[in-house]
Amino acid sequence: MDFRFSEEEEAYRRELRRFAAKVLAPHYQADDKAAKLRPGLVADMAAMGLTGLRIPERHGGQGASAVLAGMAAEEVGRGDFNAAYLIIVSALVSDVLARHAREEQQADWLPPIASGQVVPALCVTEPGHGTDAAALETRAEPDGDGWRLTGEKTSITLGMAAHTALVLARTGGAGARGVSAFYVDLDDRHVTRAAFDDLGGRSIGRASLHFDGLPVGRDRLIGGPGEGFVSVMQGFDYSRAIIGLACLGAAQSSLDEALQWARDREAFGSPIGTFQGVSFPLAEYATYVRGARHVCYEALWKKDHDLEHSTEAAMAKFWGPKLAAEVIHQCLLTFGHLAYSTESPLGQRLRDVIGLEIGDGTAQVSKLVIARNLLGRAYAP
Ligand SMILES: Cc1cc2nc3c(=O)[nH]c(=O)nc-3n(C[C@H](O)[C@H](O)[C@H](O)COP(=O)(O)OP(=O)(O)OC[C@H]3O[C@@H](n4cnc5c(N)ncnc54)[C@H](O)[C@@H]3O)c2cc1C
């Protein structure tokens with residue numbers, strides 16, 4: 001057993017950490033206030049190869065391992081948690097395309113995602129179906145040589161800014177097997193968008209997308225009819241660990257800042273770190289963060305080695321965001337009144353990470369997966 005990352009991986013981490021601190025972090029709070037995607041952010045992320053991490057090199061991407069994609073999300077999450085959405089969504093969409101789209105489709109669709117020219121979104125959730133996504137109602141009706149998409153998708157990350165989307169729609173009967181995946185252009189008069197006014201993730205945004213008979217060419221179907229649901233759910237299996245790491249990156253920055261504050265701030269003539277009431281919660285959370293990181297990296301390492309990893313990915317997904325929210329809350333309290341001001345990034349980090357307690361599936365869904373894997377289907381909820 002070897003707990004170390006390779007020298008190459010450590011060098012990549014150092015490069016990412018510098019990038020996150022110098023290029024991303026200075027915009028984190030201003031972008032939240034502007035509440036829209038800053039084009040320079042996509043360009044900066046693309047220039048670092050972060051929009052093409054899971055895209056094969058022959059299609060202009062990095063061909064990075066799942067572990068490296070997780071490392072990228074963790075380091076970006078330290079500087080600008082919201083920028084990590086660009087990694088999470090583009091990795092998830094491009095991973096599905098790289099595994100299930102035909103070679104000529106990949107050659108068309110993947111290079112612009114890698115270069116940052118095209119920002120993709122993933123459209124699964126609908127107003128009536130979130131957790132029970134397999135019951136989705138958006139329809140793709142055959143039309144001439146292709147299809148027409150009709151229905152509403154909601155809560156879509158990057159929904160106002162995205163140029164394209166991977167959309168799940170029903171082409172057959174009830175249930176998951178009646179669902180197909182399409183890769184569509186969103187800049188079309190048959191698509192209308194409405195933004196959410198969110199608590200966090202404001203620089204990335206969420207939106208509802210209405211498809212009003214959007215014409216979709218036959219060549220836009222990914223894989224075969226009825227294969228869409230399974231192909232997207234397989235992608236979630238590892239993106240959940242990447243999400244865990246993005247949240248833990250934000251938690252770790254907060255811990256680092258709180259530890260420094262515990263050295264610098266004095267009360268009753270001593271640094272506040274000398275009070276156990278201050279230092280023990282930080283010691284406990286540093287321990288939990290380390291444990292949660294290991295679970296995330298274990299899931300990603302297993303993915304890279306073609307080993308079953310749905311239990312670890314589900315553990316990473318429910319633990320990472322929940323723990324990050326708790327850690328950031330504790331760090332905010334460690335700073336006292338100063339961190340209650342919006343000048344501190346801590347309040348924003350807390351608002352931001354809460355989004356991923358819900359996005360990509362709630363804790364209950366993760367626990368369902370874990371319980372079923374541990375107990376066996378007949379003995380679990
Ligand atoms: C920040 C953010 C980003 C998102 N990005 C995207 C995106 O890019 N694309 C996309 O398609 N969707 C996205 N979503 C939507 C997200 O995937 C859904 O919100 C999520 O799947 C839950 O669905 P729901 O909100 O409709 O809750 P519901 O399914 O209505 O559930 C409500 C509550 O009931 C619980 N519950 C439901 N079923 C069960 C059960 N069987 N057992 C126990 N508890 C249960 C849930 O855990 C939850 O607490 C995003 C959401 C957020 C907040």
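Tabulated results
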{"quantity": "Candidate set from region 171-208 (those that are among the polar types (S, T, N, Q) and crowded, with 17+ Cβ neighbours inside 10 Å); member that is nearest to the chain's Cα centre (by Cα)", "calculated": "203"}
{"quantity": "Residue match in region 297-308 (condition: among the hydroxyl-bearing types (Ser, Thr, Tyr), surrounded by 19 or more Cβ atoms within 10 Å (Cβ to Cβ), more than 16 Å from the ligand (Cβ to nearest atom) and assigned to a helix (DSSP H, G or I))", "calculated": "yes"}
{"quantity": "Residue pairs meeting the criteria (Cβ under 6 Å; at least 6 apart or on separate chains; first farther than 15 Å from residue 212 by Cβ, in region 126-145; second among the small types (Gly, Ala, Ser))", "calculated": "129/135; 134/175; 134/176"}
{"quantity": "Residue match in region 23-30 (condition: under 20 Å from residue 95 (Cβ atoms), of a type outside the set (Lys, Arg) and surrounded by 14 or more Cβ atoms within 10 Å (Cβ to Cβ))", "calculated": "no"}
{"quantity": "First in region 42-60 and under 22 Å from residue 108 (Cβ atoms), second anywhere and among the charged types (D, E, K, R), Cβ under 9 Å, 6 or more apart", "calculated": "50/44; 54/95; 55/95"}
{"quantity": "Subset of region 171-196 (residues that are farther than 20 Å from residue 206 by Cα, more than 16 Å from the ligand (Cβ to nearest atom) and in a loop (DSSP other than H, G, I, E, B))", "calculated": "171, 172, 173, 174"}
{"quantity": "Some residue of region 370-378 being within 13 Å of the ligand (Cβ to nearest atom), exposed (fewer than 14 other Cβ atoms within 10 Å of the Cβ) and free of Cβ contacts under 8 Å to residues at least 12 places away in the same chain", "calculated": "no"}
{"quantity": "Residue 267 vs. criteria free of Cβ contacts under 8 Å to residues at least 12 places away in the same chain and hydrophobic (A, V, I, L, M, F, W, C)", "calculated": "yes"}
{"quantity": "Check on residue 364, in a helix (DSSP H, G or I) and under 22 Å from residue 24 (Cβ atoms)", "calculated": "no"}
{"quantity": "Residue check for residue 357: acidic (Asp, Glu), within 15 Å of the ligand (Cβ to nearest atom) and either outside the structural domain of residue 30 (by TED's automatic domain parsing) or under 28 Å from residue 299 (Cβ atoms) (or both)", "calculated": "yes"}
{"quantity": "Region 327-362 - residue that is under 30 Å from residue 235 (Cα atoms) and of a type in the set (S, T, N, Q) and, of those, surrounded by the fewest Cβ atoms within 10 Å (Cβ to Cβ)", "calculated": "362"}
{"quantity": "Residue within region 101-114 that is within 16 Å of the ligand (Cβ to nearest atom), crowded, with 19+ Cβ neighbours inside 10 Å and in a helix (DSSP H, G or I) present", "calculated": "yes"}
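Yes/no matrix, rows are residues, columns are (1) hydrophobic (A, V, I, L, M, F, W, C); (2) surrounded by 19 or more Cβ atoms within 10 Å (Cβ to Cβ); (3) near the ligand (Cβ under 9 Å from one of its atoms); (4) part of a loop (DSSP other than H, G, I, E, B):
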| residue | (1), (2), (3), (4) |
| --- | --- |
| 134 | yes, no, no, no |
| 150 | no, no, no, no |
| 153 | no, yes, yes, no |
| 166 | yes, yes, no, no |
| 169 | yes, yes, no, no |
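The values are calculated or read from the model by the stated rules, or taken from the named source; none is laboratory data. Bear in mind the structure is a predicted one, so any value in this text is a computation, not a measurement. Virtual Cβ from ideal backbone geometry, glycine too; neighbours counted across all protein chains shown.
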